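The values are calculated or read from the model by the stated rules, or taken from the named source; none is laboratory data. Since this is a predicted model, take the numbers as computed values, not measurements. Cβ placement follows ideal geometry from the backbone for every residue including glycine, while neighbour counts extend to all protein chains displayed. Accessible surface areas use protein heavy atoms only, side chains included; no ligands, DNA or RNA. Shrake-Rupley method; radii C 1.70, N 1.55, O 1.52, S 1.80 Å.
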Amino acid sequence: MNRTTRDRDEEGRARNARPRDGLGRPLPHGAEGVARQPEGVVRTPDETLREAQRLLDAGMPFHAHEVFEDAWKSGPEAERDLWQGLAQLAVGLTHAARGNREGGARLLRRGADRLTSACEGPGGEGPGHESAYGIDVGGLVVWARELADRVEEIGTEVDAAAEAPHLRRTGA
């Protein structure tokens, strides 16, 4: 496809208009796909976590990543690493579910590292985002690292819905 016939959005940026499956893979034109997440939606942290959890539970981590991406693009700079870390976990799960074990493991570990650094500050005290929003940072870090190890060991794709993490601490 040449430049003049590429799909473009209202601002002229290249956008692939092909339908996508639940893991964000492009399908042939005319195929029935999964509805895309609207881009640029400003949500509260609670709304972000609820929508992302719904999508993760439905086996759609690619779409959950887009929700987290909106949060880091529209939220305060101080929370950017928190939302980017969560987005990387979702993308890591996406790659693992697509059978890309190296990419999946790498992104899961990168997201775990980013979450850890985002929530640690001088003296081990972080900015408190995880406490304020009930995010189970410790549990997510353990989940991501364990899944990364398993993905590398088994070398096959994983079931995204069965492997979906719980974003919040129990009772939060």
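General remarks:
- Entry for segment 29-172 at q = 0.14, 0.20, 0.21 Å⁻¹: log10 I(q)/I(0) = -0.61, -1.20, -1.30, Debye formula applied to identical alpha-carbon scatterers, no solvent contribution.
- Total formal charge among the other residues, if their Cβ is under 15 angstrom from that of THR156, Lys/Arg +1 and Asp/Glu -1: -4
- Rg over Rh for segment 11-88 works out to 1.00, using Cα positions for both radii and the Kirkwood form for Rh.
- Solvent exposure ordering (accessible area, 1.4 Å, most first) of GLU51, GLU39: GLU39, GLU51
- Multiplying the residue separation of ALA58 and LYS73 by 0.36 nm and removing their Cα-Cα distance gives an extension gain of 3.0 nm.
- The simple Förster model, with R0 at 41 Å and r as the Cβ-Cβ distance, assigns GLU47 and GLU157 a FRET efficiency of 0.85.
- Leading residue at positive end of dipole, segment 20-172 (Cβ point charges), from PRO76, LEU27, HIS95: LEU27
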